[in-house]
Structure formats: C-alpha cells, structure tokens
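Visitor: This is the structure I want to talk about, given as structure tokens.
The values are calculated or read from the model by the stated rules, or taken from the named source; none is laboratory data. The model shown is predicted, which means the values in this text are computed figures rather than measured ones. We place every Cβ from the backbone using ideal geometry, glycine too, and count neighbours over all the protein chains shown. All accessible areas refer to the heavy atoms of the entire protein, side chains included, with ligands and DNA or RNA removed. Shrake-Rupley method; radii C 1.70, N 1.55, O 1.52, S 1.80 Å.
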Amino acid sequence: MSFVFLSRRDVQNFLSMSSFDAATTAKFLTLAAQLTTLSLIFIGVLMLIMLGLVWRLLSALRHFHQWTTSSTHRLDPYPLNLYPAPTEIKGLAQRWNEIVTQLATVKDQQRQFTNAVAHELRSPLSLIYGYLQRSQKQNQTLTDTQKETLAMAITEAERMTLILKDLIDLARIESINIAIDEEVVILNDFVHDVVNMTEQFESCNIETKLSTTPIRVQTNRDYLMQILDHLISNAIKHSNLDIPIIITLHQESNTAIIQVHDRGSGISPSQQAFVFEPFYRTDPSRARTTGGTGLGLTIAKTLAERMGGNITVESQPGEGSTFTLTLPAVGTRS
C-alpha cells in the first residue's frame, strides 16, 4: 500500500490551470486539507493499532520465555490464563505443557526405578563386600595375583556402595514428602568451619574471602554442609594442588551468595548445561576411581532448590570454573 500526498502549492497550481472561480477553489483547498488530515489520522491510528498488536505479541513471548527459563528445572506447567496472549502463543504454551507433563512423568518413573534398584542392590552388595573383606583378612594362602584381584574387587564394591548411597540420598531428597528441618545459620562462621575441616582431611589449598558482616540464612546445617562438601570436592578434583581454590561469601539485597572458584581446565559452554545431570562427566577420560560417583553436583543442586536456593556455574575453558550457591538471607544486615 502506498500513499501520495500533494502539497497545497501543487493543488493551487492545478486549480490555476483549471476554470474554477475563487470560491470553488477555496472550498476545494479546504476539502483537500481535510482529506489530508483525515488520511494522516487514519495512518496514525493504524500504526498505533499495529504497534499495540506487536507489543502484545512481544510481551506474551517475553513472559513465556521468562517462565520457561525459570521453571525448566522444576518442570512446572505454564499457567495458560496467567497472561493475555494471542492464540498462537496460547497454542505454543499448550504444547509446552504437554511436553513438560511427559517429561515430568518420565522423570518420576526414572526416579522410582532408580530408587527401587538402589534399594534392591544395597543388601546383596553389602553381603558381597563383607565376604570380600573377610577373604582379604584371611589371605595367607593367596598368591600375589589373587591378592591384587581381591583388592580391585573390594575397591569396585566400595565404589558401587557409594553410588547406591548417593542414589538413595537423591531419591530421598527429591521426595516432596520429606520435611526439611531448618534453623538460622550464620554463614560466615559456617563456611569458615567447613573450610578448616576440609583442609584437615584433604590435600588442598583454599583461600577464603568472607564478608565481615554476619550473613544469616534459614537452612538445614547437614544439607548445607553436604552442598559445600560437593562443591569444594568438585573444585579439588579439577585443580592443581599448587593453585588455591577461592571461596567467597557476600550478600546482595536479600540473597546470600557463596562462590567456589577453581582455576582448573574449565567447562565448555556446550557442557555447562549438563554438569548437574546425574552421572555426567565433563572429562570422559577421568578414571572412575578418581572422578567420584557423578552424582555430587546433582545432589547439591537438588538440596539447594529444596531450601529455596539455587546453584549455577560460570566457566571458561582453560581458565577455571565458578560455582555459585544462592540462598535467601534472613534478617537485616547490621
């Protein structure tokens, strides 16, 4: 659609070449001016309507994007009536809800299966582990090769026991029926104690940069210690002994922030979205005996979410990684 506007001079020139009297010319000029004004008003109203439609569409898309970004890890359905949106966006949201429902069902079935398998294997594995330990104590008649084989079997049994323990812990944590006992904890002292305890039992170098102002959170001490243990252990596994791990603590608004920074090999952007998935390893070449069970970060993130917080990661390959734990702070800073 195109519009051609004539200026008042163009109209006057046209009328001067025609046989119109002065009165008719004045009426024609007035009519032309009115038509021009009406055309401009029509175009303005049309543009406002188009801008309103575009704004409504973009607002709905922006709201839907924010919802999917914040709720993906919880697999929450999108509230269709929460925000006015065009039919196309509502159709997209409906499809999103169908996918989320399917994923939630699959995840629940996977959790039930994993929990059942872990409990079924725990008793026979404990029995096997006991027999192996008894055989190792009574090894006077075993050859060196048999002793080495027995030691490897015990090591693998211990590793499997840890995996089963973590699987059972994860299933228990994810159960919405499990209540969490919480208390007010001063993070400054808590982090300091965890670091001291870690340095006593681990060969590591840890530097702390803790806020001088007391930061309080409502949390479960055991779960919080488990979270920090997983984050620090992960940093130790990916760091050189001569390069310190840095732990910082500060508060922004009503959020307490703990960061664990290592200067290891780092994580590629394509892998960062999967580091909290069960059994995911950023380094496939890492030996199973030194790489942990593959559930530590999964358990840590699940615990943080159960306590109203979250864990995120920022990393650059070759520069190290920073895992950030956020928890709701309580009280006012003094």
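Visitor: Out of Gln109, Cys204, Leu167, whose Cα points farthest toward the positive end of the dipole of the range 83-209 (charges: +1 Lys, Arg; -1 Asp, Glu; placed on Cβ)?
Guide: Value: Gln109.
Visitor: What lysines sit close enough to Lys107 to cross-link, taking a C-alpha to C-alpha distance under 17 Å and skipping anything fewer than 8 places away on the same chain?
Guide: In chain and number order, the partners are Lys301.
Visitor: What distance in nm lies between label points placed 7 Å from Cα along the C-beta direction at Gln110 and Thr87?
Guide: With each label point 7 Å from Cα toward Cβ, the separation is 3.7 nm.
Visitor: Rounded to whole Å and ordered largest first, report the semi-axes of the equivalent ellipsoid of the range 185-268 derived from its Cα gyration tensor (root of 5λ).
Guide: 22, 14, 12
Visitor: Highest mean first, what order results for 188-199, 34-45, 109-120, 223-234 on Cβ atoms within 10 Å?
Guide: Ranking the peptides 188-199, 34-45, 109-120, 223-234 by packing returns 223-234, 188-199, 109-120, 34-45.
Visitor: Right, next: Taking every pair of Cα atoms in the range 85-236, average 1/r, invert it to obtain the Kirkwood radius, and report Rg/Rh to two decimals.
Guide: Ratio of gyration radius to Kirkwood radius for the range 85-236: 1.13.
Visitor: Just to compare against my own numbers: the Cα pair-distance distribution for the range 183-227, 5 Å bins, whole % per bin, please.
Guide: 5, 19, 29, 24, 16, 6, 1
Visitor: Still on this structure: With a Förster radius of 30 Å, plug the Cβ-Cβ distance of Gln272 and Trp55 into 1/(1 + (r/R0)^6) and report the FRET value to the nearest 0.05.
Guide: Computed FRET efficiency for Gln272 and Trp55 comes out at 0.35.
Visitor: Follow-up. Percent of accessible area on the range 88-202 owned by carbon and sulfur, 1.4 Å probe?
Guide: Carbon and sulfur atoms account for 55 percent of the accessible area of the range 88-202.
Visitor: Continuing with the same structure: Please work out the average accessible area per residue across the range 111-220, using the 1.4 Å probe convention, and give it in Å².
Guide: That works out to 65 Å² per residue.
Visitor: Using a cut-off of 18 Å between alpha-carbon atoms, which lysines can reach Lys137, once sequence neighbours fewer than 8 places away in the same chain are excluded?
Guide: Lys147
Visitor: Provide the packing ranking of 205-216, 134-145, 95-106, i.e. peptides ordered by the mean count of other C-beta atoms within 10 Å per residue, highest first.
Guide: Per-residue mean Cβ counts within 10 Å order the peptides as 205-216, 95-106, 134-145.
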